Amino acid sequence: MAQYLLLIHDNEADWDAADEAAHRAHDEAHAAFARAHKDVITASAHLQQSATATVVREDGEGGFLVTDGPYAETKEALGGYYVVDVPDLDAALAVAKRLPYFGRTGEAAVEVRPLH
């Protein structure tokens with residue numbers, strides 16, 4: 001078996017514009033997805049919005065720069081992740097294709113990466 005990280009990228013503006021019922025439906029869809037794939041999911045989380053991020057980087061002089069906000073300005077932001085333990089990349093892709101919102105109006109994307 002191999003572990004893969006499924007990184008869920010969404011348009012935060014869509015989330016901000018959605019009402020509470022849409023948020024609830026989204027959360028329920030992910031709960032159903034998690035139940036359906038409980039045998040392969042080893043970890044998961046829904047992340048806070050990118051505006052809550054703090055970035056740490058070396059300053060080149062032995063110190064560090066700490067800045068508030070996302071690493072880069074972008075339309076898509078990392079909204080959550082799942083770690084799955086599956087036989088191979090094809091199996092990881094099959095799981096990724098079942099995620100809620102995958103392919104939604106071309107705005108959402110799931111990045112699949114193998115873990116060491």
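Exactly one of these conditions fails for Thr52: (1) within 17 Å of the chain's Cα centre (by Cα); (2) surrounded by 11 or more Cβ atoms within 10 Å (Cβ to Cβ). Give me its number.
Only one criterion is unmet by Thr52, namely (2).
Collect the residues in segment 27-52 that are modelled with pLDDT under 90 and hydrophobic (A, V, I, L, M, F, W, C), keeping them in residue-number order.
Ala51
Quick one: is Glu61 modelled with pLDDT under 90 and of a type outside the set (A, V, I, L, M)?
Details: modelled with pLDDT under 90: no; of a type outside the set (A, V, I, L, M): yes.
Taking the combined requirement at face value, the residue does not satisfy it.
Could you check segment 93-116 and list, in sequence order, the residues that are at pLDDT below 90 and surrounded by fewer than 12 Cβ atoms within 10 Å (Cβ to Cβ)?
Across segment 93-116, the qualifying residues are Gly103, Thr105, Gly106.
For segment 68-92, which positions are acidic (Asp, Glu), more than 22 Å from His23 (Cα to Cα) and at pLDDT below 95?
Within segment 68-92, Asp68, Glu73 meet the criteria.
Going by what's in this entry, would His46 be described as surrounded by 12 or more Cβ atoms within 10 Å (Cβ to Cβ) and under 16 Å from the mean Cα position of the chain (by Cα)?
Working: surrounded by 12 or more Cβ atoms within 10 Å (Cβ to Cβ): no; under 16 Å from the mean Cα position of the chain (by Cα): yes.
For His46, the condition - surrounded by 12 or more Cβ atoms within 10 Å (Cβ to Cβ) and under 16 Å from the mean Cα position of the chain (by Cα) - is not met.
Strands (runs of 3 or more DSSP E) wholly in segment 1-98 with at least 1 residues that are in contact (Cβ under 8 Å) with a residue 24 or more places away in the chain and either out of contact with any Gly (no Cβ under 9 Å at 6 or more places or on another chain) or aliphatic (A, V, I, L, M) (or both) - which ones?
Answer list for segment 1-98: 2-11, 41-46, 76-86.
The values are calculated or read from the model by the stated rules, or taken from the named source; none is laboratory data. Computed from a predicted structure; not experimentally measured. Please note: Cβ atoms are built from the backbone with ideal geometry, for glycine as well, and neighbour counts cover all protein chains shown.
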